[in-house]
Amino acid sequence: MNFLSNNIYYIGCFGLIFIGLYIVLTKKNLIKVIIGINFIDTGVNLFLITIGYIRGGTAPIFSRPGLNPERMVDPIPQALVLTTIVIGVSVLALALSLAIRLYHHYGTLNLRKIRELKW
Amino acid sequence: MIFVFLLVFLMLAGAIVASIFKDLMNSVIAMALVSLIASILFYFLQAPDVAMAEASIGAALTTAIFIIAIRRTKRHEE
Amino acid sequence: MRKIISLILLGIVCVGIIFALYSIPFGKDKIKVGKHYIYNGIKETGAVNIVTSVVLNYRGFDTLGEVTILFIAALGLGVVLYGKKKKRKEGLEPASLVLYTGCRFLFPLILLFGAYIFIHGHLTPGGGFQGGAIIASGFLLSYLGCPRKWISKERFNITESLGGLVFVIMGLIGLTIGGYFLSNFLPKGIANTLFSAGIIPILYCAVGFKVGAELAGIIYNMIE
């Protein structure tokens, strides 16, 4: 139980990454593969934030006097993840537009069929 | 602490359910649930900036873009 | 067969990650560079929110590259979907009266809320990226509720280019005055007030307009 309560955030983010990888490896539908990529994205963001956390820490904002700078969580992963999320949504939109284009060209979203037409 | 356990369990269950559904619209709604719970976890990890970004982008805009894309292609997975 | 092979592969990766995580305990203090930013951030940049000072001051050049990636992705989406425009059906079903009125009532309030978030980015949680996303969701609401009143694509392009231009020009002015790109040449002011932190609020406003116009343009391109 102690092990579980110590590592619950790790379990959450790596569970998300593994489910995403499983979807990418096994599913045939193109939009479902993109959903899996989104899961991997969220899991990696959660992992980066988890690395910077300090037990009992406060957010790195000096909004009121009397906050102890010794107990503040790491601001650098937060700044990196902030930009990562915005990049993630734009790249996702690009991938979906490619999927729409493929659907108009082949008439299907099944990856096996698209590959058979190609080879 | 129990609350965090519940949230992580719900998040992983949402991700598994999203991979099982045949109707893509249901999968996208489950994906929005995963993003929303991730933003609550960001808030618990003392990252309010990231929580706001994830709630407004991950849960709102990503879902909208997916729904538009599904409307322009096919809804059911064969 | 495919599922079994992928499960075996995932199991191997899982064992490797568990061994790697053994040396990273959860919740321990392992901050190195961040300490300098936390202790000297207010003195050096004037921004109370340390995340904002890292995004726009210590790593401002990085943010410029990130905004460029966003621009290139939006451009690529426009190129990929070009020429596939469906003819807008004339008999497009108009939204109901409740939705139309509610959308017209809420749209300015959403814009105001987004602007509040990115103007106060150096004082409270929030900033250009979050405010831009909220503005883009307001435009999404207006597309769904009142489709007759669509804003033309050119205005988005102009706003987005202006945002990028302001960012680069502020950086170049800093280069001529302070000696390096994006140096903070305006007075820092008193911490915890609205007009403080030098060029950070200006840069965050530029980023907010740029991200909002960009995401709204992406939605526009996908719907059209």
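The values are calculated or read from the model by the stated rules, or taken from the named source; none is laboratory data. Please read all numbers here as calculations on a predicted model, not as lab measurements. Backbone-built Cβ (ideal geometry, glycine too); neighbour counts: all protein chains shown. Ligands, DNA and RNA are stripped out before the accessible areas are found, and what is left, the full protein with its side chains, is counted by its heavy atoms. Shrake-Rupley method; radii C 1.70, N 1.55, O 1.52, S 1.80 Å.
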## Note on the structure
Computed over chain A, the distribution of all Cα-Cα distances in 10 Å bins, rounded to whole %, is 12, 29, 27, 17, 10, 4, 1
### Message
Give me a comma-separated list of calculated 3J(HN,Hα) values for the stretch C:34-49, in order, Karplus coefficients 6.51, -1.76, 1.60 applied at θ = phi - 60°, integers in Hz, x for any Gly or Pro.
### Response
x, 4, 4, 5, 5, 6, 10, x, 5, 5, 7, 10, x, 8, 6, 7
### Query
For residue A:72, which sequence-distant residues (separation of 5 or more, or a different chain) have an amide H within less than 5 Å of its own amide H, given hydrogens modelled in the peptide plane?
A:58
### Task
Sort B:43, C:116 by accessible area with a 1.4 Å probe, largest first.
B:43, C:116
### Cα centre as origin, Lys/Arg/Asp/Glu Cβ charges: chain A dipole, Debye
580 debye
### Query
Counting only the heavy atoms of the protein chains, how much of residue A:101 is accessible to a 1.4 Å probe, in Å² to the nearest 10?
90 Å²
### Message
Checking the cross-link filter: which aspartates and glutamates have an alpha carbon closer than 12 Å to that of residue A:32, excluding same-chain neighbours under 8 positions apart?
### Response
B:23, B:77, B:78
### Within the stretch A:11-47, trypsin sites (Lys or Arg not before Pro) in DSSP loop having at most 13 other beta-carbon neighbours inside 10 Å
none
### Message
Quick check on packing: order C:190-202, A:85-97 by the mean number of other C-beta atoms within 10 Å, highest mean leading.
### Response
A:85-97, C:190-202
### Task
Between residue C:33 and residue C:181, take the C-beta separation as r, use R0 = 25 Å, and let me know the FRET efficiency to the nearest 0.05.
0.80
### Summary
Per principal axis, largest first, the Cα atoms of chain B extend in Å by 41, 23, 9
### Query
Where the only charges are on Cβ atoms (+1 Lys, Arg; -1 Asp, Glu), what is the dipole of the protein assembly as shown about its Cα centre, to the nearest 20 debye?
1240 debye
### Query
Under the rule of -39500 (n - 2.57) per DSSP H run of 4 or more residues, summed and divided by the residues of chain A, what mean residue ellipticity at 222 nm is obtained, to the nearest 500 deg cm²/dmol?
-24500 deg cm²/dmol
### Query
log10 I(q)/I(0), Debye, Cα-only the stretch C:2-223, no solvent, q = 0.12, 0.18 Å⁻¹?
-0.83, -1.19
### Query
Can you tell me the Rg and Dmax of the stretch C:1-81, counting just the alpha carbons, in angstroms?
21.0, 61
### Query
Counting other Cβ atoms within 10 Å, which chymotrypsin sites (Phe, Trp or Tyr not before Pro) in the stretch C:1-38 have at most 13 and lie in a DSSP loop?
C:22
### Query
What does the charge add up to near residue C:157, with Lys and Arg as +1, Asp and Glu as -1, over the other residues with Cβ less than 12 Å from its Cβ?
0
#### Entry: Net charge over other residues, Cβ less than 14 angstrom from the Cβ of residue A:61 (K, R count +1; D, E count -1)
0
### Message
List the residue ranges in chain B for DSSP H helices whose C-alpha atoms run 18 angstrom or more along the long axis and whose Kyte-Doolittle average is 1.6 or above.
### Response
B:2-20, B:24-44
### Contour excess over end-to-end distance, with Cα ends at residue C:6 and residue C:79 and 0.36 nm allotted per residue
22.8 nm
#### Entry: Accessible area of residue C:109 in the full protein assembly, 1.4 Å probe (Å², nearest 10)
90 Å²
### Task
Compute the label zone of residue B:4 within the stretch A:63-96: residues whose backbone N is under 16 Å from the point 7 Å along Cα-to-Cβ.
A:72-74
#### Entry: Intensity falloff of the protein assembly as shown expressed as log10 I(q)/I(0), Debye formula with alpha-carbon point scatterers, at q = 0.06, 0.08, 0.09, 0.14 Å⁻¹
-0.26, -0.47, -0.60, -1.33
## Note on the structure
Note, the stretch C:176-182: 3J(HN,Hα) by Karplus (6.51, -1.76, 1.60, θ = phi - 60°), whole Hz, Gly/Pro = x, goes 6, 8, x, x, 9, 5, 6
### Summary
Phi angles of the stretch C:9-22, converted by Karplus (6.51 cos²θ - 1.76 cosθ + 1.60, θ = phi - 60°) into ³J(HN,Hα) in whole Hz with x for Gly and Pro, give 4, 5, x, 4, 4, 5, 4, x, 5, 4, 5, 5, 6, 4
